1. Exactly one condition in (1) in a loop (DSSP other than H, G, I, E, B); (2) within 16 Å of ligand 2 (Cβ to nearest atom); (3) crowded, with 19+ Cβ neighbours inside 10 Å is false for residue 257; which is it?
2. If residue 38 satisfies every condition in (1) open to solvent by 50 Å² or more (accessible area, probe 1.4 Å); (2) touching a Ser or Thr at 6+ places or on another chain (Cβ under 9 Å) but one, which is the exception?
3. For a quick check of your reading of the model, give me the residue pairs whose first member lies in the stretch 53-71 and is under 17 Å from residue 444 (Cβ atoms) and of a type in the set (D, E, K, R), whose second is more than 14 Å from ligand 2 (Cβ to nearest atom) and assigned to a loop (DSSP other than H, G, I, E, B), with beta-carbon atoms closer than 8 Å and at least 6 apart or on different chains.
4. Which ones in the stretch 396-417 are over 16 Å from residue 342 (Cβ atoms) and buried (at least 19 other Cβ atoms within 10 Å of the Cβ)?
5. Consider residue 422 carefully, then state whether it is part of a strand (DSSP E or B), farther than 26 Å from residue 99 by Cα and either modelled with pLDDT of 95 or more or of a type in the set (Asp, Glu) (or both).
6. Any idea which of 305, 252, 263 is modelled with pLDDT of 95 or more and touching a strand residue (DSSP E or B) at 6+ places or on another chain (Cβ under 7 Å)?
7. Go through (1) under 19 Å from residue 122 (Cα atoms); (2) open to solvent by less than 40 Å² (accessible area, probe 1.4 Å); (3) aromatic (Phe, Trp, Tyr) one by one and return the number of the condition residue 10 breaks.
8. Name the single residue, out of those in the stretch 240-254 being in contact (Cβ under 8 Å) with a residue 24 or more places away in the chain and open to solvent by less than 70 Å² (accessible area, probe 1.4 Å), that is farthest from ligand 1 (Cβ to nearest atom).
Amino acid sequence: MTGPIQVDLFLDQARLPEGWARNVRIAVADGVIAAITPDADPAGSARSVGAAIPAMTNLHSHAFQRAMAGLAEQSRAGVDDFWAWRGAMYGFLQRLTPDDVEAIAAMLQVELMEQGYGGIVEFHYLHNDIDGRPYADRAAMAHAIRRAAAVSGITLTLAPVLYTSSSFGGAPPLDGQKRFLMDPDAFLDLLGETNAEALAFHSLRAVTPRQIEYVLERVSPDIPVHIHVAEQTGEVDDCLTWSGERPVEWLLGRNLLTPRWTLVHATHMTDAEAGRVARAGATVALCPSTEGNLGDGVFNAAAFLRAGGTFGIGSDSHVSTSPVEELRWFEYGRRLQARKRALGAGGGEHVGAWLWLAAAASGARPTGRATGVLEVGAAADIVVLDTDHPALAGREDDLTLDSFVFSGQGCVREVWTGGVRRVENGRHQARDGVAAAYRKTIERLKA
Ligand code: NGQ
Ligand code: ZN
């Protein structure tokens, strides 16, 4: 049963699952699409001018890292790599308080929404106080993230992270990791206290097989599970040394991977691994701008897509806050490798439209919420593109999406989450207050 109609949207054009429709009336009740009527009458509705598409889910975020984007870009030829960046990131986070994290996360979410994201999975591992001890309220940092989402209106999937060790097989944690550590029982309590929509194991480096088993035996069998895996070749090598298997192979070998799992990055997969992950129904969270920034490698898309694999996109370290930038990097990485053009799914589809719609639909699945597609029963999380924008002028239907994805910038006019308009004329309604608080935090961190 849905409640009374909360709002009736009227859209000149909307991308429904079956294709584009005109003069579309969307009735929203309790934040959910209750009815969709093409060729309707606008009378009495909230009219949006432009082309409506499903909002994008940002499938992988460490919000605090937004405030260090750009601070680790001085060349140190031959010396700088992923692990050096990680050291800088550990240094940066040591001073952050829950108020800082709230301010940074709110600013990030506002920026993300202005570019077409409507939801976010926060892979949250910054649990402890500056000295490494738990906060009096163990969930203090998680609450800070939730407060930010209440301000921005982004749909938050909180995925608290279990983190106990520095490398495979339970190696003792490094000093720089002390703010992440929590034992499995405390972690299970945290999941309950924060009403977490998902959970995460940081990586096979950071938890033991026994801990994975222990946690999974004690949570609901439906809760989505996220894990970083096979992002760097160093991680693959260490896993081989530890277990004789590659990280994705190890997960597959324990029969862990099911549709509830999201593998973050999964950069270094053999063709066989990619095929098996696809067939297991796990989702891959690609974070192409971060993977490029950190020099991770290029995802094995050919084998994964050939086997029917599904992916979403995330902005991870937030060097980029734009969903189209993630989609472009993904497609262009493939083109550069293949020396071919317009790859997509290879079935004659419009590649920009395919990228957006596939990532929006599949990227929403690991949140456990119905969204990412404009259909009855899905959350009313909607982006309205500015069809007056020069990049979209004269474009129709899927060509609008192709032009947005490959050549648009600043094309997002409105963003609605749960049937509430949060972005209007390209600007988030909470931007001013959020930006002022963010600047204060940045100044304090610089001092
Ligand atoms: C993270 N980020 O947890 O923020 C990681 C770095 C690690 C990325 N992998 C730390 N992009 O993997 O140990
Ligand atoms: Zn990550």
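The values are calculated or read from the model by the stated rules, or taken from the named source; none is laboratory data. Worth saying up front: this structure is predicted, and the values here are computed from it rather than measured. Every residue, glycine among them, receives a Cβ derived from its backbone with ideal geometry; neighbour counts consider all protein chains shown. When the accessible area is computed, the model is the full protein with side chains, heavy atoms only, and any ligands, DNA or RNA have been set aside. Shrake-Rupley method; radii C 1.70, N 1.55, O 1.52, S 1.80 Å.
1. (2)
2. Going through the list (1) open to solvent by 50 Å² or more (accessible area, probe 1.4 Å); (2) touching a Ser or Thr at 6+ places or on another chain (Cβ under 9 Å), residue 38 breaks only (2).
3. The qualifying pairs are 66/321.
4. The answer is 400, 408, 411, 412, 413, 414, 415, 416, 417.
5. Numbers: part of a strand (DSSP E or B): yes; farther than 26 Å from residue 99 by Cα: no; either modelled with pLDDT of 95 or more or of a type in the set (Asp, Glu) (or both): yes.
When the stated conditions are applied, residue 422 does not pass them.
6. Just one listed residue meets the conditions, 263.
7. (1) is the only condition that residue 10 fails.
8. By that ranking, first place goes to 252.
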